[in-house]
1. Given the criterion surrounded by fewer than 18 Cβ atoms within 10 Å (Cβ to Cβ) and out of contact with any His (no Cβ under 8 Å at 6 or more places or on another chain), identify the matching residue among Asp252, Asp237, Asp256, Asp262.
2. Could you say whether any residue in segment 258-272 is in the same structural domain as Glu213 (by TED's automatic domain parsing), in a strand (DSSP E or B) and of a type in the set (Ser, Thr, Tyr)?
3. Filter segment 210-234 for residues that are surrounded by 19 or more Cβ atoms within 10 Å (Cβ to Cβ) and modelled with pLDDT under 90 and give the result.
4. For residues that are polar (S, T, N, Q) and surrounded by 17 or more Cβ atoms within 10 Å (Cβ to Cβ), scanning just segment 92-146, find the one that is farthest from Lys326 (Cα to Cα).
5. Leu329 fails exactly one of the following numbered conditions: (1) among the hydrophobic types (A, V, I, L, M, F, W, C); (2) at pLDDT 85 or above; (3) more than 19 Å from Thr173 (Cα to Cα); (4) touching a Leu at 6+ places or on another chain (Cβ under 9 Å). What is the number of that condition?
6. Take Arg228 and decide whether it is charged (D, E, K, R) and within 18 Å of Leu199 (Cα to Cα).
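The values are calculated or read from the model by the stated rules, or taken from the named source; none is laboratory data. Since the model is a prediction, treat every value here as computed from it, not as a measurement. All Cβ positions, even for glycine, are placed from backbone atoms using ideal geometry, and neighbour counts span all protein chains on display.
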Amino acid sequence: MSELNFTGLNHLVDAIARQIEQARSQVRQTVNIAMVQSYWEIGRLIVEEEQQGESRAAYGKQQLQQLSQQLTERLGKGFDVGNLRNMRQFYLAFPIHDAVRSELSWTHYRALMRIDNPAARDWYLQEAISQSWSARALERQINVLYYERLLASKDRALVEQEAKANTQPLAETAQDYLRDPYILDFLNLQDKTYQECELEQAIISNLQQFLLELGKGFAFVERQQRIRFDDEDFYIDLVFYNFKLKCFLLVDLKLDKLKHQDIGQMDTYIRLYDERRKGHDDNPTIGLVLCSEKSEAVVKYSVLAEQKQLFAAKYLPYLPTEEELKRELERERAVLSGKLKMENGK
């Protein structure tokens, strides 16, 4: 076979393979939509049947066992009591049929059904669609309390407004896009002997997951970006751009407790970046010092207390328990509440 024919054959194989892969993807999507819709209908039928029973709890448990046995005998696997209970819960969590979105799989919905707070559940659903989260990504964001951490980063009035309105939280300022703490369990840094360069390399090696943890709208720009001022070179650990805020984010990694000089250094980076790199249509640069431990004294008695473009946050190299993370969020919210009271008392 000539080289020309061989090349032409390769192109033909590629074209056919793309067509088959596209068709398979469409089939999977069609099957997924049909399955999700079918499970919702099954859940509706189970709930409506239960509501006609005299003793709902006992009736429901007995009926699910009998229903599972007969459906399995007639249709095969997939209808055990656990699955039927999930379908029932699916309908109870999403009783309005139009709320069931075709973009999400049954695995997505099984994760969403575990969320008791309707506002949080709706928020995760919308984010999973808009950000094209896989079911695994959605599961992780729920486990690390993404929604709760986002609310904790807002001021108290906005949190109360969100709770009353029961709507999707607004995100308009830099503080609304940054959280504290950041969960870096995917870096596998349980060994506390690692260096800053190793932390940086681990982030680069797991960049997709770090972007997911960083939040909405961020894109990676460069590591160890150099900025020259007079005869001195400055190197910024990580540089990102947020397309929703339309600004750069500079990240400085610190293994130790936050220090005053860390804040001063980041303040210098921000000023230089605004002067040397920021475009005329970009918003002011924001800086984030990511440290293993925050210092309340540094936060209170430094430019962090007044600077709206400079932030510090703690990172956790492991996945904390839900209770540990909730305590951390409550602590942050208490600090923020105290700060607001001081500002209002001025």
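1. Working: Asp252 fails: surrounded by fewer than 18 Cβ atoms within 10 Å (Cβ to Cβ); Asp237 fails: surrounded by fewer than 18 Cβ atoms within 10 Å (Cβ to Cβ); Asp262 fails: surrounded by fewer than 18 Cβ atoms within 10 Å (Cβ to Cβ).
Exactly one residue qualifies, and that residue is Asp256.
2. Going residue by residue through segment 258-272, those that are in the same structural domain as Glu213 (by TED's automatic domain parsing) are 258-272.
Narrowing the set further to residues that are in a strand (DSSP E or B) leaves none.
No, segment 258-272 contains no residue that is in the same structural domain as Glu213 (by TED's automatic domain parsing), in a strand (DSSP E or B) and of a type in the set (Ser, Thr, Tyr).
3. So in segment 210-234, the residues surrounded by 19 or more Cβ atoms within 10 Å (Cβ to Cβ) come out as 210, 212-215, 218.
Passing the criteria: only Gly215.
4. Going residue by residue through segment 92-146, those that are polar (S, T, N, Q) are 102, 105, 107, 117, 126, 130-132, 134, 141, 143.
Filter again for surrounded by 17 or more Cβ atoms within 10 Å (Cβ to Cβ), leaving 105, 141.
Numbers: Ser105: 29, Gln141: 14 Å.
Across segment 92-146, the extreme among qualifying residues is Ser105.
5. Going through (1) among the hydrophobic types (A, V, I, L, M, F, W, C); (2) at pLDDT 85 or above; (3) more than 19 Å from Thr173 (Cα to Cα); (4) touching a Leu at 6+ places or on another chain (Cβ under 9 Å) one by one, Leu329 breaks only (2).
6. Details: charged (D, E, K, R): yes; within 18 Å of Leu199 (Cα to Cα): no.
When the stated conditions are applied, Arg228 does not pass them.
Yes/no matrix, rows are residues, columns are (1) part of a strand (DSSP E or B); (2) over 17 Å from Ile286 (Cβ atoms):
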site	(1), (2)
Asp176	no, no
Gln190	no, yes
Tyr194	no, yes
Ile204	no, yes
Gln225	yes, no
Arg228	yes, yes
Ile236	yes, no
Leu249	yes, no
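Here's the yes/no breakdown for (1) modelled with pLDDT of 75 or more; (2) within 20 Å of Ala128 (Cα to Cα); (3) not assigned by TED's automatic domain parsing to the domain that holds Val251:
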| position | (1), (2), (3) |
| --- | --- |
| Arg149 | yes, yes, yes |
| Ala163 | no, no, yes |
| Asn166 | no, yes, yes |
| Pro181 | yes, no, no |
